[in-house]
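Notes follow once the structure below has been shown.
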Amino acid sequence: MNIVVEFFVVTFKVLWAFVLAAARWLVRPKEKSVAGQVCLITGAGSGLGRLFALEFARRRAQLVLWDINTQSNEETAGMVRHIYRDLEAADAAALQAGNGEEEILPPCNLQVFTYTCDVGKRENVYLTAERVRKEVGEVSVLVNNAGVVSGHHLLECPDELIERTMMVNCHAHFWFNTYDVPWYSLSLLD
């Protein structure tokens, strides 16, 4: 008899979860504006990190980009600067045209800062975080996207790669507690 009751309870919970998911899909929450806020994105040199940086730039966030590869990080920063120039040109054109219907966001000094940081090394994270505080200011949003993906089964990897994967994909999340900000861990998606 107990198993029948448990079956109905589990079935009800699953169906209720679907109802809640559908309700959240139909009634979307208001998006948070990041315009003018300092957003730090780790792993910004390529992949999802680069895409996040470009999207946050379109939403007028001031970006702080961290990556272990300086060259690819600078390439991303160049793309972000191009977006910032396009936004400034569009704002200037809208002001000149006098479009009263369009909402023009207040001008803010949009900048992108790049830092080379190996998030797999705790001291490197702490030192870079302190540099960001001094040079940029407090961070409003942290997107912890850095991750190591080997493309092999974990147990087929050499020991060094397993250690590196664990340091970046697992341990590094604890080292970002120096930032008392909302943070989003996306390393498993990259």
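Using modelled amide H (1.01 Å from N, peptide plane; none on Pro or chain starts), what sits under 5 Å from the amide H of Thr114, excluding residues fewer than 5 places away?
Amide H to amide H, under 5 Å and 5 or more residues apart or across chains, Thr114 pairs with Leu65.
Just the accessible area per residue of the chain, please: how many Å² with a 1.4 Å probe? Don't jump to the answer; show the numbers that get you there.
Values: 12350 Å² over 190 residues.
About 65 Å² of surface per residue is accessible.
Over the heavy atoms of Cys170, what accessible area does a 1.4 Å probe trace out, to the nearest 10 Å²?
Accessible surface of Cys170 is approximately 50 Å².
For Arg81 and Phe8 in the same chain, what is the full-extension length gain: residue separation times 0.36 nm, less their Cα-Cα distance, in nm?
20.7 nm
Give a quick list of GluC sites (Glu not before Pro) in the range 1-82 that DSSP marks as loop, anything other than H, G, I, E or B, with at most 15 other Cβ atoms within 10 Å.
Glu31
Quick test of the membrane-span-like rule: which DSSP H helices of the chain reach at least 18 Å along their long axis (C-alpha atoms) with mean Kyte hydropathy at least 1.6?
2-26
Share of the range 13-77's accessible area from carbon and sulfur, percent, 1.4 Å?
Ligands and nucleic acids excluded, carbon and sulfur reach 64 percent.
Order Arg164, Arg60, Arg85, most accessible first, counting only protein heavy atoms with a 1.4 angstrom probe.
Sorted descending by solvent-accessible area, the residues read Arg85, Arg164, Arg60.
The values are calculated or read from the model by the stated rules, or taken from the named source; none is laboratory data. These numbers were taken from a predicted model, which means no experiment stands behind them. Quick reminder, even Gly has a Cβ in these numbers, built from the backbone with ideal geometry, and neighbours come from all protein chains shown. These accessible areas exclude ligands, DNA and RNA; they are computed on the full protein's heavy atoms, side chains included. Shrake-Rupley method; radii C 1.70, N 1.55, O 1.52, S 1.80 Å.
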